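Worksheet: the structure to be examined is printed underneath.
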Ligand code: GDP
């Protein structure tokens with residue numbers, strides 16, 4: 001039951017006097033059922049129009065269109081799946097347009113993580129991928145952390161230009177755009193969103209007051225991310241909801257960890273040492289002896305070793321093995337795209353095998369934390 005004079009979306013008292021005060025509704029719309037304030041109207045419109053997902057080749061064709069524009073490109077990546085969600089080759093496609101790198105989901109890392117260090121790490125990784133950025137901003141769209149800085153950076157770098165928002169799927173692009181719509185100081189007046197399917201850039205236009213627009217492009221689907229190849233039910237367990245609790249394992253050589261039936265980690269050779277898993281709290285880890293690992297998997301996959309369950313497991317490609325050598329004296333992460341990473345302090349070096357579904361990106365990188 002809607003309270004008389006209250007917004008059906010957020011419950012705020014409706015008013016038609018000032019466009020820049022909360023609860024504004026144009027006088028002409030006040031008798032509509034249900035009546036919603038302008039802010040809720042914008043959010044609803046955006047979400048109804050929110051753009052679809054497309055594959056990498058189609059996306060590259062679309063990106064080509066950005067090079068011909070004069071715009072600011074906001075590239076959103078997921079800090080939890082950094083190497084998986086970074087758009088490789090973005091630089092070539094956006095031409096001379098500046099790229100602002102917005103790194104989302106910073107709320108997932110332990111609170112104590114040093115923000116400056118994280119930012120330096122991101123800058124270094126982006127640079128090594130050939131991406132030139134005008135700025136790097138860390139934020140959480142969901143928890144509203146660092147969002148003032150996102151708005152500020154967009155304002156500073158867009159000047160009098162359109163803003164193209166690009167990103168892979170599940171990085172939080174629509175969460176972030178919803179927040180932009182809510183918080184953006186320029187979006188005080190009438191704002192509508194619309195889809196233009198079949199145009200060069202199949203994207204959602206969100207007009208700004210100054211005649212420019214925020215343009216939301218479709219999310220790219222990267223099959224090298226575990227989040228893209230698992231059935232829906234598994235995706236929920238895979239995407240961390242809240243701050244990750246690092247799981248520390250002291251292992252001897254010839255011990256194995258299973259992450260459900262999604263991945264397997266064998267510590268093949270090296271002195272006893274600790275390995276720290278950064279994965280979603282929705283997943284469970286089983287530890288066993290390497291010599292018993294094959295049997296355990298054969299007997300218990302999809303049951304004790306889950307998610308995925310037996311049925312879901314059939315939809316996921318079989319594992320391939322990645323043999324990795326962690327050099328002595330290096331702080332290294334073994335990164336498994338979409339699943340998370342395993343931190344090795346590498347004091348003494350180690351030889352490890354990682355099993356992950358075929359096609360999933362597995363790599364070693366400088367430790368994030
Ligand atoms: P899109 O596919 O890029 O548009 O991503 P969505 O906005 O739909 O978000 C994908 C998933 O990530 C959802 O489960 C969101 O709740 C979650 N998400 C989005 N932003 C954040 C964030 O800042 N922190 C965390 N922890 N999760 C987020």
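Laid out as a table, the results:
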{"read-out": "Sorted peptide list for 87-97, 239-249, criterion being average Cβ within 10 angstrom, highest first", "value": "87-97, 239-249"}
{"read-out": "Stokes-Einstein D (µm²/s) once Rh is taken as the Kirkwood radius of the chain over alpha-carbon pairs, at 25 °C in 0.890 mPa s", "value": "109"}
{"read-out": "Approximate spin-label separation residue 175-residue 304, in nm, with each point projected 7 Å along Cα-to-Cβ", "value": "3.5"}
{"read-out": "Degrees, to the nearest 10: 290-300 long Cα axis against longest axis of the chain", "value": "60"}
{"read-out": "Spacing of the two label points (7 Å from each Cα toward its C-beta) at residue 117 and residue 68, in nm", "value": "4.7"}
{"read-out": "MRE, 222 nm, helices only [DSSP H, n ≥ 4, -39500 (n - 2.57), over the chain, to nearest 500]", "value": "-7500 deg cm²/dmol"}
{"read-out": "Max mean-square fluctuation residue, GNM over the chain, Cα-Cα springs under 10 Å, options 104, 144, 31", "value": "31"}
{"read-out": "Ranked packing of 125-136, 212-223, most packed first, by mean Cβ within 10 Å", "value": "212-223, 125-136"}
{"read-out": "Inter-probe distance in nm under a simple model that places probes 7 Å from Cα toward Cβ, at residue 351 and residue 366", "value": "2.8"}
{"read-out": "On Cα atoms only, tilt of 173-183 relative to the major axis of the chain in degrees", "value": "40"}
{"read-out": "The chain - percent relative contact order, Cα under 8 Å, separation 6 or more", "value": "15"}
{"read-out": "Rounded FRET efficiency, nearest 0.05, which uses the C-beta distance separating residue 182 from residue 31 and R0 of 35 Å", "value": "0.90"}
{"read-out": "C-alpha long axis of helix 56-67 to longest principal axis of the chain, angle in °", "value": "50"}
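Where a number appears in this text, it was derived from the coordinates with a stated rule and is not lab data. The structure displayed is predicted, hence computed values, not measured ones. Glycine also receives a Cβ, built like all others from the backbone with ideal geometry; neighbour counts cover every protein chain displayed.
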